[in-house]
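Written below as structure tokens is the structure these notes are about.
The values are calculated or read from the model by the stated rules, or taken from the named source; none is laboratory data. Because the structure is predicted, anything quoted here is derived from the model rather than measured. Here the Cβ positions follow ideal geometry from the backbone for every residue, glycine too, while neighbour counts run over all protein chains shown.
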Amino acid sequence: MVEQTNERPVFPFTSIVGQEEMKLALILNVIDPKIGGVMIMGDRGTGKSTTVRALVDLLPQIEVATNDQFNSDPYDTELMSDAVRDMVRENKEIPVSKIKIPMVDLPLGATEDRVCGTIDIEKALTEGVKAFEPGLLAKANRGILYVDEVNLLDDHLVDVLLDSAASGWNTVEREGISICHPARFILVGSGNPEEGELRPQLLDRFGMHAQIGTVREPDLRVKIVEQRALFDQNPHEFRAEYQKEQQALMQQIIDARNRLKDVKIDYDLRLKISEICSELNVDGLRGDMVTNRAAKALVSFEGRDEVTPRDIFTIITLCLRHRLRKDPLESIDSGFKVQEVFNKAFGYDEE
């Protein structure tokens with residue numbers, strides 16, 4: 001990983017103190033993007049944006065079709081724009097470049113046209129060509145789309161983002177003209193619970209939900225402040241100190257992606273996961289599917305090939321806490337409730 005002196009330095013992921021829940025959820029989504037993204041809820045100033053940017057900086061480069069507006073994969077037709085797919089059909093050589101995995105920030109005031117892209121109707125009618133101006137979803141294809149304060153975003157826009165994230169495609173229709181392009185990205189939303197929660201039906205569409213709080217231990221707070229001061233003083237020197245750890249974690253993620261398809265989860269464990277979801281009255285089957293995927297991603301990340309009950313315990317709260325029905329009279333935290341039902345299902349008195 002050669003330091004790019006002409007780019008703005010990014011805080012190293014491996015130097016971030018605490019917030020293990022958020023870091024784990026992000027890494028597991030990078031290993032298996034089909035988990036469905038992460039919603040990070042926590043206090044202001046807890047490093048949500050810093051951690052997401054640090055993760056993107058850590059990830060390996062990807063191969064794209066040169067000068068393509070959609071970061072098309074030159075080898076996978078499911079991740080190609082129409083123009084690149086036409087080149088494949090015509091047996092033309094596709095020029096290939098390497099780029100950093102894209103990270104797109106969605107501004108709060110973004111319009112639907114800015115997010116989805118626009119069709120130039122006049123050009124389409126006069127010249128007979130589909131003139132499309134790509135939006136943020138096109139730029140985010142094969143990368144990460146980050147929405148800060150997602151709970152303040154218009155519900156309709158959140159719906160559009162979640163639909164694209166789930167299907168992997170973005171369709172723009174106007175005046176009878178339709179354009180479709182790949183939009184496969186990891187959706188990461190963050191927000192402060194004081195500013196309001198997302199509607200339950202939208203919250204449920206995020207694969208995982210990490211809750212983070214302000215670090216309370218004085219010695220850790222001092223360490224975080226010192227780390228930041230050292231980084232601000234000399235970012236390149238600070239990053240150089242963590243170069244070895246960064247490289248090791250990047251390799252671990254690459255290996256985990258390659259190993260994922262070989263990870264097994266026993267039928268009995270899958271049955272237990274579904275028992276827990278049923279006991280918690282989780283609507284639909286997303287909870288079951290995400291828990292299975294996240295457990296396998298964790299096992300792959302740790303270099304093993306078989307899921308154990310301990311793996312399920314590690315990730316099940318992240319996968320289910322936001323899917324529970326809210327009971328205003330319930331005093332127990334949703335995370336503890338998930339763990340309680342897990343212990344009951346697996347016959348553990350305590351964990």
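Data table
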quantity	calculated
Single residue of segment 16-44 satisfying the filter (part of a loop (DSSP other than H, G, I, E, B) and of a type outside the set (Val, Ile, Thr)) that is modelled with the highest pLDDT	Asp32
Residues within segment 75-95 that are surrounded by 15 or more Cβ atoms within 10 Å (Cβ to Cβ) and within 23 Å of the chain's Cα centre (by Cα), tallied	3
Extreme residue, surrounded by the fewest Cβ atoms within 10 Å (Cβ to Cβ), among residues of segment 254-263 that are touching a residue at least 24 places away in the same chain (Cβ under 8 Å) and not small (Gly, Ala, Ser)	Asp262
Top-ranked residue of segment 45-72 - restricted to ones that are at pLDDT below 85 and β-branched (Val, Ile, Thr), ranked as farthest from Ile254 (Cα to Cα)	Thr46
So Thr214, is it in a strand (DSSP E or B) and farther than 18 Å from Leu106 by Cα	no
Boolean, Ser190 is assigned to a strand (DSSP E or B) and surrounded by 15 or more Cβ atoms within 10 Å (Cβ to Cβ)	yes
Filter result for the condition that a residue is of a type outside the set (Val, Ile, Thr) and under 24 Å from Arg257 (Cβ atoms), over Asp86, Asp76	Asp76
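Per-residue answers, yes or no, for (1) free of Cβ contacts under 8 Å to residues at least 40 places away in the same chain; (2) of a type in the set (Lys, Arg); (3) loosely packed, with under 13 Cβ neighbours inside 10 Å:
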position	(1), (2), (3)
Ser178	yes, no, yes
Arg205	no, yes, no
Ala210	no, no, no
Gly213	no, no, yes
Pro218	yes, no, yes
Gln233	yes, no, yes
Gln252	no, no, no
Ile265	no, no, no
Lys272	no, yes, no
